[in-house]
Every structure is written in C-alpha cells, then in structure tokens.
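Just below is one structure, and these are the notes that go with it.
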Amino acid sequence: MYNWELQNAITAFVESLRPMAPYFHDLYIGSLHAFAHQMSDLLTAMGYPPVP
C-alpha cells in the first residue's frame with residue numbers, strides 16, 4: 001500500500017534543501033512583494049486608487 005522507497009526519497013530531497021531555507025524564504029518573499037507591487041501598479045493604471 002505504501003511506497004516506502006519513494007517516501008524516503010522525498011524525505012531525503014526535502015532534507016537536502018534545508019540548508020538553503022533562508023535563501024528560498026528570501027526568494028519567495030521577494031517574488032511575492034514584486035507580484036503585489038506589479039498588481040498595485042496595474043490597478044492604479046486602471047484607475048483604482050494606489051495602495052499605500
């Protein structure tokens with residue numbers, strides 16, 4: 001019923017990413033901020049009031 005080899009491979013992959021967690025966190029937050037800023041600019045261009 002369970003594929004333990006696949007589960008162990010996924011666990012090993014996730015554990016290998018753990019040292020890079022701060023980098024991925026900063027990348028995620030930066031991308032999220034850029035997306036929100038871009039959408040704010042788009043809505044402002046469409047006539048909605050700007051977001052402070």
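For region 24-45, give me each residue that is among the β-branched types (Val, Ile, Thr) and either farther than 30 Å from residue 14 by Cα or at pLDDT below 95 (or both).
Once the filter is applied, which keeps residues that are among the β-branched types (Val, Ile, Thr) and either farther than 30 Å from residue 14 by Cα or at pLDDT below 95 (or both), region 24-45 yields only 44.
Residue by residue through region 1-35, note down the ones that are of a type in the set (Ser, Thr, Tyr) and part of a helix (DSSP H, G or I).
Selection gives 11, 16, 23, 28, 31.
Here is a yes/no grid of residues against (1) over 19 Å from the mean Cα position of the chain (by Cα); (2) in contact (Cβ under 8 Å) with a residue 60 or more places away in the chain; (3) surrounded by 10 or more Cβ atoms within 10 Å (Cβ to Cβ):
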site	(1), (2), (3)
7	yes, no, yes
22	no, no, no
27	no, no, yes
30	no, no, yes
37	no, no, yes
42	yes, no, yes
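If residue 47 passes every condition in (1) surrounded by fewer than 10 Cβ atoms within 10 Å (Cβ to Cβ); (2) on the phi < 0 side of the Ramachandran plot; (3) not in a helix (DSSP H, G or I) but one, which one does it miss?
(2)
The values are calculated or read from the model by the stated rules, or taken from the named source; none is laboratory data. Computed from a prediction, not measured in an experiment: that's the story for all the values here. A quick note on method: Cβ atoms are made from the backbone with ideal geometry, for glycine too, and the neighbour counts reach across all protein chains shown.
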